[in-house]
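Structure, as structure tokens:
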Amino acid sequence: MLMMKERRPAIRTLRGWAISVLLEAGAIRECEEHGWMQDRADPHAHERAFDIARQDPPNGVSAEAAAVEIAEVLESIGDSCPECPPESIG
Ligand SMILES: [Zn+2]
């Protein structure tokens, strides 16, 4: 088959999509040193991420499912980098 289309199941990329939305909204940030995602604990940024998710969900994903994924990713991300020494926070 020469005409193979790349078909990625939505569920496999949904988390990556949610992380990119959260980064775009400024809800999370990536530790520059260790690459861990950190929740910036900014309620406005969270709201912004949910707005983006509902308005522009990935193909084949409902607005509601997209918002749920955002919530689940947020829940899974801590508010600090586990590898950064505590004194460097704040
Ligand atoms: Zn770190």
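Before moving on, here are some points about what is shown:
- Relative contact order for segment 25-65, counting Cα pairs under 8 Å that sit 6 or more residues apart, in percent: 31 percent
- The packing ranking, built from the mean of other Cβ atoms within 10 Å per residue, places the peptides 13-25, 55-67 in the order 13-25, 55-67, highest first.
- Rounded if a/c under 1.5, otherwise prolate or oblate - segment 39-90, Cα gyration tensor axes: prolate
- Under 5 Å from the amide H of Ile28 lie the amide H atoms of Leu23, Arg40, each residue being 5 or more positions distant or on a separate chain, with H modelled from the backbone and absent for Pro and chain starts.
- FRET efficiency, 1/(1 + (r/R0)^6) with R0 25 Å, evaluated for Ala63 and Trp36 via beta carbons: 0.30
- Accessible area expressed per residue, segment 33-75, with surrounding protein chains retained (probe 1.4 Å, Å²): 64 Å²
The values are calculated or read from the model by the stated rules, or taken from the named source; none is laboratory data. These numbers come from a predicted model, not from an experiment. Glycine gets a Cβ as well: all are built from the backbone with ideal geometry, and neighbour counts include every protein chain shown. Surface areas here come from the heavy atoms of the whole protein model, side chains and all, with no ligands, DNA or RNA. Shrake-Rupley method; radii C 1.70, N 1.55, O 1.52, S 1.80 Å.
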